[in-house]
Amino acid sequence: MSTQRILVRAAKSPFRAASARETLAENLIGTNSGNLLFSTAAVRLLSARNIEVLPERFNVTPDQADEINERYDRFVVPLANAFRPEFMEHLERLSATVELLKIPVTIMGVGAQAPGEGDRAALKPLDAAVTRLCRAVLERSQSIGVRGEFTAQYLNDLGFTRVEVIGCPSIFLRDGAPNIPHGASRLSTDARVTINLTPHIPGIRAFAAHHARAYRRSTYVAQELRDLRLMLRTNFRGRRDDVADAPQVPGDAYMTPRRGRFYLDPRTWVNDLQHAEFTFGTRIHGNIAAIVAGRPAFVLAHDSRTLELARALDIPHLQVTNVATIRAEELYERADYRPLDTNHAERLARMTGFLERNGIRHIHQPGESGAAFDARMEATTLPHAVQPASTLSALVGAVRRRIARGV
């Protein structure tokens, strides 16, 4: 059997050990480290025998079409909340590229983003761009894989019926059901809890401040590029009004070396979360990372994208509009992980069935496994989590930089 070459849209190869400053300079997380979870999981899923999976491109452009047609046999596009106004330019560029491709093109896990469930009006400005992309992709594949029912209904409304709800590849980063332990009935104030946060959500700052005080061993896992810049003290100019509700300045309880974390790779992220007793917050992939690690997690679903994926994956969740008074101990006590575990095999069957209907081989077929991917991953030395610079170390670094510049 000849080797098939599959191009996967990804901000970074799972096997590239990039430093924090390389990650920042080259935006190797696609602005949010959660992107690496689903792109890495997609690469693993596709890593069957005689398949060369190449996570080499993030922003494809029409001028690359001839090269892609020549070098690759298939283009697989893992996406998250791509159907949103801020992504419009990328959608148009992706569509223009796909229209020039002669190879099969498959979209995995795309989602629509609206402020609330059923908020179809918010998506209206996207209709033409989404229609163009779906039409181009469906001329080169059997179906489109979407995150959840909200996105499926949106595409149905646009006239597309070859749509399959497959969730997100990230939940399959490791084999087998998560088997989340239920543990103690109550969450101790000494518990090792991990919090994840999204700017702009009403009450997020009070939410963070409370849990920083209430759980002295709690840590904050940041995901956005701006958080990494803050932790490294690179071009930091103080508080920005547009993200004024998120921990974002030196001295915030969670922006200290002991309590802040930023992971540059999914493997270190998931491995570290194996030691957490509870993970919670507004970041869907921050909580999926904990689920993959086999640890309890709870999603605060604040828009359609987080809600539909939490539902599709059976992750315990709560719809919220303001998080100021929400408490971790209450989330911990109400969580039920039985549907997550019980329905995992069905979710995997939906994902693998989607791949097979689109002519894509994968590691869960007879005679295949993820062993080769896992061995290569384990042999890759990856950097530890980034921690916020202390005030003293930041001052020393600034002085050294000024000396080096001769200032």
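In the set (1) in a helix (DSSP H, G or I); (2) farther than 25 Å from GLU356 by Cα; (3) open to solvent by 10 Å² or more (accessible area, probe 1.4 Å), the condition left unmet by ASN35 is number (2). When we screen LEU94, LEU126, LEU155 for residues that are open to solvent by less than 40 Å² (accessible area, probe 1.4 Å), touching a Phe, Trp or Tyr at 6+ places or on another chain (Cβ under 8 Å), modelled with pLDDT of 95 or more and over 30 Å from GLY294 (Cα atoms), the only hit is LEU126.
Taking the criterion of being more than 21 Å from HIS200 (Cα to Cα), open to solvent by less than 60 Å² (accessible area, probe 1.4 Å), more than 19 Å from the chain's Cα centre (by Cα) and of a type outside the set (A, V, I, L, M, F, W, C), the residues of the stretch 97-122 that qualify are THR97, PRO104. Got a number for residues in the stretch 193-235 being touching a helix residue (DSSP H, G or I) at 6+ places or on another chain (Cβ under 8 Å), of a type in the set (Gly, Ala, Ser) and assigned to a helix (DSSP H, G or I)? Of the residues in the stretch 193-235, 1 are touching a helix residue (DSSP H, G or I) at 6+ places or on another chain (Cβ under 8 Å), of a type in the set (Gly, Ala, Ser) and assigned to a helix (DSSP H, G or I).
Within this structure, ARG400 passes the test of being under 30 Å from ARG258 (Cα atoms) and either open to solvent by 20 Å² or more (accessible area, probe 1.4 Å) or modelled with pLDDT of 95 or more (or both).
Selection of the stretch 18-68 for residues being free of Cβ contacts under 8 Å to residues at least 60 places away in the same chain, touching a helix residue (DSSP H, G or I) at 6+ places or on another chain (Cβ under 6 Å) and small (Gly, Ala, Ser) yields only ALA65.
So that you can scan it fast, the table gives a plain yes or no per residue for (1) modelled with pLDDT under 90; (2) under 21 Å from the mean Cα position of the chain (by Cα):
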site	(1), (2)
LEU133	no, no
ILE144	no, yes
ARG186	yes, no
PRO202	no, no
ARG205	yes, no
ARG213	no, no
LEU228	no, yes
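Among the residues of the stretch 1-18, those identified as surrounded by 14 or more Cβ atoms within 10 Å (Cβ to Cβ) and of a type in the set (Val, Ile, Thr) are ILE6, VAL8. Screening the stretch 59-73 for residues that are in a loop (DSSP other than H, G, I, E, B) and crowded, with 16+ Cβ neighbours inside 10 Å and picking the one that is farthest from the chain's Cα centre (by Cα) gives TYR72.
Per this entry, ALA389 is counted among residues that are closer than 28 Å to ARG16 by Cα and either at pLDDT 95 or above or assigned to a loop (DSSP other than H, G, I, E, B) (or both). The selection criterion, being of a type in the set (Lys, Arg) and under 18 Å from PRO202 (Cα atoms), does not hold for ARG347. Each residue in the stretch 39-50 was checked for being open to solvent by 10 Å² or more (accessible area, probe 1.4 Å) and either touching a strand residue (DSSP E or B) at 6+ places or on another chain (Cβ under 7 Å) or over 25 Å from GLU356 (Cβ atoms) (or both), and 2 of them qualify.
The values are calculated or read from the model by the stated rules, or taken from the named source; none is laboratory data. None of these values were measured; they are calculated from a predicted model. Cβ atoms come from the backbone with ideal geometry, glycine included; neighbour counts cover every protein chain shown. Protein only, heavy atoms only, side chains kept; ligands, DNA and RNA dropped before computing areas. Shrake-Rupley method; radii C 1.70, N 1.55, O 1.52, S 1.80 Å.
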